[in-house]
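A.B. asks: I have a structure I would like to understand better, so I am pasting it below and will then ask my questions one at a time.
The values are calculated or read from the model by the stated rules, or taken from the named source; none is laboratory data. Model, not experiment: these values are computed from the prediction. All Cβ positions, even for glycine, are placed from backbone atoms using ideal geometry, and neighbour counts span all protein chains on display.
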């Protein structure tokens with residue numbers, strides 16, 4: 001059945017509108033919103049219902065096959081590090097090294113490193129006590145410290161696997177995790193720096209009430225915590241192994257071949273989880289089963305969203321959207337700007353960076369040839385551009401926005417002036433970095 005370009009465009013627009021309305025206005029779980037959108041698009045282009053279901057099953061299964069273990073293991077690693085006290089140890093180590101002279105920078109770097117395995121909202125909650133305590137000791141404003149830490153966490157959350165948005169985009173577009181982690185870290189550093197600089201610039205100009213500046217949040221009393229080395233190894237070893245695999249070619253033998261196996265994301269993350277579990281002290285080992293169960297339950301909620309995104313993408317591919325758009329629009333001339341703008345609109349409209357980048361990746365995947373993203377490096381840059389878009393614009397419909405505001409007792413106006421503007425600057429900075437990288441890749 002041949003559909004016209006306008007029929008496909010109208011169906012796609014309706015599908016996106018459904019996702020935004022159901023998730024942002026009526027607060028429906030993204031899994032159901034994406035399923036409904038899949039049917040809206042499929043029926044809009046007159047696909048038979050049985051075909052729509054088959055495409056959805058195929059897309060769901062395909063994305064689960066590539067991401068299921070990665071998301072579960074990545075979530076488990078983050079939760080074990082949080083529960084066994086490793087995140088606190090890492091934070092305090094960084095604070096000892098640079099916290100006295102540059103407390104806000106210390107919290108930004110802490111957020112960046114802790115955020116590699118830990119989701120941004122969980123990381124912020126875990127570190128919030130240290131954040132306010134250091135603000136009081138150094139006389140630095142809580143808003144400056146909070147936004148510095150929040151943007152450090154946010155930079156890696158939007159760009160680097162095993163965080164669900166970046167991992168899903170890599171799976172849908174077809175990008176190697178190792179290279180995405182390596183280049184993603186390089187790309188995220190300038191975003192973190194911009195967030196930190198703007199937090200200091202804007203935060204010190206805001207009039208803040210006394211209760212905000214003086215109130216502290218009591219952190220958890222941690223007994224029998226891991227050592228500094230035990231805390232950092234579960235974070236650094238998987239990142240190094242996965243990144244190193246990108247430099248090992250298939251014809252390498254012996255030791256190089258072993259490194260290639262260890263660099264598989266599932267194996268590397270398993271190594272990280274094992275290292276994190278071995279760092280658990282005897283007084284806390286009775287809780288490890290509960291932590292792992294919590295990780296599986298949390299990962300399950302993420303996976304169903306990602307799977308629904310894969311189903312949505314499969315239906316879009318069946319509409320031959322790439323062929324229609326390539327003949328009707330000059331997509332090649334837009335290049336990296338198209339995935340950035342599409343993800344930005346979705347993020348701003350419905351609030352979730354994860355849902356925004358999964359939806360955008362599902363739309364863009366059949367458009368890759370029309371956009372000119374053919375090679376592995378071009379696809380990598382496309383994913384990073386979507387990551388940049390998923391930073392913009394974090395405001396009142398973003399759950400992370402409220403985690404920061406509630407835990408640090410910052411009013412909404414101040415959050416909008418400091419944190420929200422910082423996310424805009426981070427997204428634009430990341431896009432600029434992606435364009436610079438495109439000159440070398």
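A.B. asks: Out of 132, 175, 126, 156, I need the residue that is within 19 Å of residue 340 (Cβ to Cβ) and part of a helix (DSSP H, G or I). Which one?
C.D. replies: 156
A.B. asks: In the range 231-239, is there at least one residue being in a helix (DSSP H, G or I), within 30 Å of residue 364 (Cα to Cα) and in contact (Cβ under 8 Å) with a residue 40 or more places away in the chain?
C.D. replies: yes
A.B. asks: Considering the range 135-153 alone, what residues qualify as being assigned to a helix (DSSP H, G or I), over 18 Å from the mean Cα position of the chain (by Cα) and either within 12 Å of residue 195 (Cα to Cα) or at pLDDT 85 or above (or both)? It would help to see each step written out before you state the result.
C.D. replies: Within the range 135-153, the first condition is being assigned to a helix (DSSP H, G or I), and the residues that meet it are 135-138, 142-153.
Restricting the remaining residues to those that are over 18 Å from the mean Cα position of the chain (by Cα) gives 135-138, 142-146.
Correct list: 142, 143, 144, 145, 146.
A.B. asks: On to the next question. Give me the pairs: first residue in the range 80-91 and touching a residue at least 12 places away in the same chain (Cβ under 8 Å) and at positive phi, second residue crowded, with 24+ Cβ neighbours inside 10 Å and in a loop (DSSP other than H, G, I, E, B), beta-carbon distance under 8 Å, and six or more apart or on different chains, which are they?
C.D. replies: Sorted first by the residue in the range 80-91, then by its partner, the pairs are 85/226.
A.B. asks: Right, another one. Working carefully through the options 178, 195, find the one that is within 29 Å of residue 406 (Cβ to Cβ), at pLDDT 85 or above and touching a helix residue (DSSP H, G or I) at 6+ places or on another chain (Cβ under 6 Å).
C.D. replies: 195
A.B. asks: Output the residues belonging to the range 94-113 that are under 22 Å from the mean Cα position of the chain (by Cα) and crowded, with 21+ Cβ neighbours inside 10 Å.
C.D. replies: Selection gives 106, 107, 108, 109, 110, 111, 112, 113.
A.B. asks: Taking the criterion of being more than 24 Å from residue 318 (Cα to Cα), in contact (Cβ under 8 Å) with a residue 24 or more places away in the chain and either in contact with a helix residue (DSSP H, G or I) (Cβ under 7 Å, 6 or more places away or on another chain) or surrounded by fewer than 18 Cβ atoms within 10 Å (Cβ to Cβ) (or both), would at least one residue in the range 60-69 satisfy it?
C.D. replies: Checked the range 60-69: at least one residue is more than 24 Å from residue 318 (Cα to Cα), in contact (Cβ under 8 Å) with a residue 24 or more places away in the chain and either in contact with a helix residue (DSSP H, G or I) (Cβ under 7 Å, 6 or more places away or on another chain) or surrounded by fewer than 18 Cβ atoms within 10 Å (Cβ to Cβ) (or both).
A.B. asks: Moving to a separate point now. Inspect the range 18-27 for any residue being closer than 19 Å to residue 230 by Cα and part of a helix (DSSP H, G or I) and give the result as yes or no.
C.D. replies: There is no residue in the range 18-27 that is closer than 19 Å to residue 230 by Cα and part of a helix (DSSP H, G or I).
A.B. asks: Does residue 77 qualify as being part of a loop (DSSP other than H, G, I, E, B), modelled with pLDDT of 85 or more, touching a helix residue (DSSP H, G or I) at 6+ places or on another chain (Cβ under 6 Å) and under 26 Å from residue 181 (Cα atoms)?
C.D. replies: So residue 77 fails the test.
Residues are listed down the side, and each one gets a yes or a no for (1) under 21 Å from residue 6 (Cβ atoms); (2) more than 20 Å from the chain's Cα centre (by Cα):
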| residue | (1), (2) |
| --- | --- |
| 284 | no, yes |
| 300 | no, no |
| 310 | no, no |
| 316 | yes, yes |
| 319 | yes, yes |
| 340 | no, no |
| 345 | yes, no |
| 354 | no, no |
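A.B. asks: Which residues, counting only those in the range 386-401, are in a helix (DSSP H, G or I) and under 13 Å from the mean Cα position of the chain (by Cα)?
C.D. replies: 386, 387, 388, 389, 400
A.B. asks: I've got another one for you. Here are the criteria: (1) surrounded by 24 or more Cβ atoms within 10 Å (Cβ to Cβ); (2) within 25 Å of residue 231 (Cβ to Cβ); (3) under 14 Å from the mean Cα position of the chain (by Cα). Tell me which single one residue 185 does not satisfy.
C.D. replies: (1)
A.B. asks: Only one of these is surrounded by fewer than 24 Cβ atoms within 10 Å (Cβ to Cβ), on the phi < 0 side of the Ramachandran plot and in contact (Cβ under 8 Å) with a residue 24 or more places away in the chain: 421, 383, 355. Name it.
C.D. replies: 421
A.B. asks: Would you pick out the residues in the range 402-418 that are touching a residue at least 24 places away in the same chain (Cβ under 8 Å) and either assigned to a helix (DSSP H, G or I) or touching a strand residue (DSSP E or B) at 6+ places or on another chain (Cβ under 6 Å) (or both)?
C.D. replies: 403, 404, 407, 408, 414, 417, 418
A.B. asks: Residue 290 fails exactly one of the following numbered conditions: (1) at pLDDT 85 or above; (2) touching a helix residue (DSSP H, G or I) at 6+ places or on another chain (Cβ under 7 Å); (3) in a helix (DSSP H, G or I). What is the number of that condition?
C.D. replies: (2)
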